[in-house]
1. Are any of the residues in the range 84-101 surrounded by fewer than 15 Cβ atoms within 10 Å (Cβ to Cβ) and among the small types (G, A, S)?
2. Please find, among A75, A29, A67, A12, the residue that is among the hydrophobic types (A, V, I, L, M, F, W, C) and open to solvent by less than 40 Å² (accessible area, probe 1.4 Å).
3. Kindly establish whether A121 is at pLDDT below 90 and either of a type outside the set (V, I, T) or surrounded by 21 or more Cβ atoms within 10 Å (Cβ to Cβ) (or both).
4. For a quick check of your reading of the model, give me the residue pairs whose first member lies in the range 105-124 and is within 10 Å of A35 (Cα to Cα), whose second is acidic (D, E), with beta-carbon atoms closer than 8 Å and at least 6 apart or on different chains.
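The values are calculated or read from the model by the stated rules, or taken from the named source; none is laboratory data. Values in this document were obtained by computation on a predicted structure and should not be read as measured data. Please note: Cβ atoms are built from the backbone with ideal geometry, for glycine as well, and neighbour counts cover all protein chains shown. With ligands, DNA and RNA removed, areas are computed over all heavy atoms of the protein, side chains included. Shrake-Rupley method; radii C 1.70, N 1.55, O 1.52, S 1.80 Å.
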Amino acid sequence: GFIPAGAAVMAAMNYGSFTLVTGWWYKAALGFVGAIFLVAASEEVLFRGVLQQRFMRWWGQWPGLVAASLIFGLAHLPFRHFPNWQHVALTFTLALFLGRAYAQGQGVRAPMVAHALTIAAGRAIGL
């Protein structure tokens with residue numbers, strides 16, 4: 001579900017390109033393997049497993065999901081340069097979908113794999 005929403009956010013902000021980079025096939029594969037173990041696992045445990053879980057308990061499902069997603073987006077503010085508000089908007093949108101996967105899957109496995117696939121796809125298009 002994130003692909004159309006993410007593409008719309010990127011297009012609306014003129015952020016990134018939708019063309020495959022040279023060597024996209026190995027960059028995507030290496031990006032997925034590296035992302036799932038180094039980035040996605042730790043971020044999903046923190047943002048979904050700890051923050052979103054607590055926020056949802058305190059404020060309810062949707063306010064908790066939005067609050068955790070906003071913090072996730074803001075954590076990506078220094079991506080490539082500071083401040084990168086375009087990336088914050090993109091990662092906030094991604095986090096809404098990851099948070100929904102967490103709530104439906106009742107754990108961090110589904111959002112962790114989806115997060116790693118998104119990073120791999122981003123590497124393939126040069127993001």
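1. no
2. A67
3. Spelling it out, A121 is indeed at pLDDT below 90 and either of a type outside the set (V, I, T) or surrounded by 21 or more Cβ atoms within 10 Å (Cβ to Cβ) (or both).
4. What qualifies is M112/E44; H115/E43; H115/E44.
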